[in-house]
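Following: one structure in structure tokens, then a few remarks.
The values are calculated or read from the model by the stated rules, or taken from the named source; none is laboratory data. Predicted model only: the values in this text are computed from it and were never measured. Cβ coordinates were reconstructed from backbone atoms using ideal geometry, including for glycine residues, and neighbour counts include every protein chain displayed. Calculation scope for accessible area: heavy atoms of the full protein, side chains included, ligands and nucleic acids excluded. Shrake-Rupley method; radii C 1.70, N 1.55, O 1.52, S 1.80 Å.
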Amino acid sequence: MSADPTQVLAFETDCHLFDGCGFPAPGLHSFLFEPLWGDGTSNLYFDKTMLLALLGSVIIVVFFWAAFAKPKLVPGKLQMVAEAGYDFVRRGIVYETIGKREGEKYVPLMVSLFFFVWMMNLWSIIPLAQFPVTAIISYPAALAAIVYVLWVSLTFKRHGFVGAFKNFSGYDKSLGGVLPLSMTIELFSNLLVRPFTHTVRLFANMFAGHTLLLLFTIASWYMLNGIGIAYSAVSFVMVIVMTAFELFIQAVQAYVFVLLACSFIQGALAEGH
């Protein structure tokens, strides 16, 4: 069965409480989509999440292009909003974490990451889309891989091979006999666990949020029968509450993802680390 919430509801259009049919609970099937183009059994296909990722990228590019194609000294509303978003990431995240001098060159990347992640999250509450692209782990993993490669390459470039090894392993000769154990743990944590947690933090939050939204949405429809209408109303209120909460979480997760990316870069650039 398709993951699309509208299709899930359509599948159980005539199924309500007291009708003798079970509750169509969301599950892993709620995150699987039939290919829009190509064969789903191969690697050559195009599905809903890919379409949303592509549309999200186009929306972001068009938005900033329209805002800054002809910048004015006294900005219009669109330019003002774009400048506020850009400045928030630049000053509030990059400068605060990496520093103005070192961080300026990474501002374009971080702004791009922030708005891309935010847009992919926002699809969850946009009608017809109704699915956060970042709830599919391959998307956060690809973004985390970009940050990981940048972080590792910067560490080697700034500190050389020996310095980078000390950076990754947390080398500190004052630890004495526990130094080998400490270095092993630090290497494992930095080179393997760090990119994994960077990925999962975004993925898990969006996966859980979408599941809860889908659960209450389906429940609202399922209980819309007889005395179950009262429960349906409560469930519908929860849909509204969860949607508002998701709006907050979507922005926070974009912020956290970029903040962590900046902290990794700051660690790579820090002297004597």
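For the range 152-273, what value does the Rg/Rh ratio take when both radii are computed over Cα atoms and Rh is the Kirkwood radius, given to two decimals?
1.29
Largest first and to the nearest Å, give the Cα extent of the range 212-273 along each principal axis.
70, 14, 11
If you wrap a convex hull around the alpha carbons of the range 28-138, what volume per residue comes out, as a whole number of Å³?
Hull volume normalised by residue count: 149 Å³.
Counting only protein heavy atoms and a 1.4 Å probe, tell me what percentage of the chain's accessible area is made up of carbon and sulfur.
71
Return the whole-Å distance between the Cα centroid of the range 182-210 and the Cα centroid of the range 87-164.
15
What number comes out for accessible area per residue over the chain if the probe is 1.4 Å? Units Å², please.
On a per-residue basis, 55 Å².
Pairing rule first: another cysteine's C-beta must sit under 4.7 Å. Under that rule, which cysteines of the chain stay single?
Taking the Cβ cut-off of 4.7 Å, the unpaired cysteines of the chain are Cys262.
If you take the square roots of the eigenvalues of the alpha-carbon gyration tensor of the range 71-210 and sort them as a ≥ b ≥ c, do you get rounded (a/c under 1.5), prolate (a/b over b/c) or oblate?
Values: a/c = 3.25, a/b = 1.53, b/c = 2.13.
In terms of gyration-tensor shape, oblate.
Obtain the nm distance between the two label points defined at Ala208 and Leu128 by a simple spin-label model: each point lies 7 Å from its Cα along the Cα-to-C-beta direction.
Calculated label separation equals 3.2 nm.
Suppose accessible area is computed on protein heavy atoms with a 1.4 Å probe; arrange Phe168, Phe116, Phe248 from highest to lowest. Please report the intermediate quantities before stating the final value.
Numbers: Phe168 10, Phe116 45, Phe248 125 Å².
The residues order as Phe248, Phe116, Phe168, largest area first.
Candidates (1) 161; (2) 133; (3) 189; which is the computed volume of the Cα convex hull per residue in Å³?
Read-out taken from this structure: (3).
Quick check: with the 1.4 Å probe, what order do Met223, Met206 take by accessible area, largest first?
Values: Met223 40, Met206 0 Å².
Putting Met223, Met206 in descending order of accessible area: Met223, Met206.
Please work out the FRET efficiency for the pair Phe46 and Asp172, using the Cβ-Cβ distance as r and a Förster radius of 51 Å; give the result to the nearest 0.05.
0.50
How fast does the range 135-179 diffuse by Stokes-Einstein, in µm²/s, taking the Kirkwood radius from C-alpha pairs at 10 °C and 1.306 mPa s?
Here the translational diffusion coefficient equals 128 µm²/s.
Which loop trypsin sites (Lys or Arg not before Pro) in the range 71-162, with loop taken from DSSP, have no more than 15 other Cβ atoms within 10 angstrom of their Cβ?
Loop-located and lightly packed - Lys72.
With contacts defined as alpha carbon pairs under 8 Å and 6 or more residues apart, what's the relative contact order of the range 181-273 in percent?
Relative CO of the range 181-273 lands at 25 percent.
Using Cα-Cα distances under 8 Å and only pairs 6 or more residues apart, what relative contact order does the chain have, in percent? Don't skip to the answer; put the middle values down first.
On the way: 275 pairs, mean separation 65.0, N = 273.
Averaging sequence separation for qualifying contacts and normalising by length gives 24 percent for the chain.
For Ser189 paired with Val62, estimate the spin-label separation in nm (one decimal), with each label point 7 Å from Cα along the Cα-to-Cβ line.
Spacing of the two 7 Å Cα→Cβ label points: 4.6 nm.
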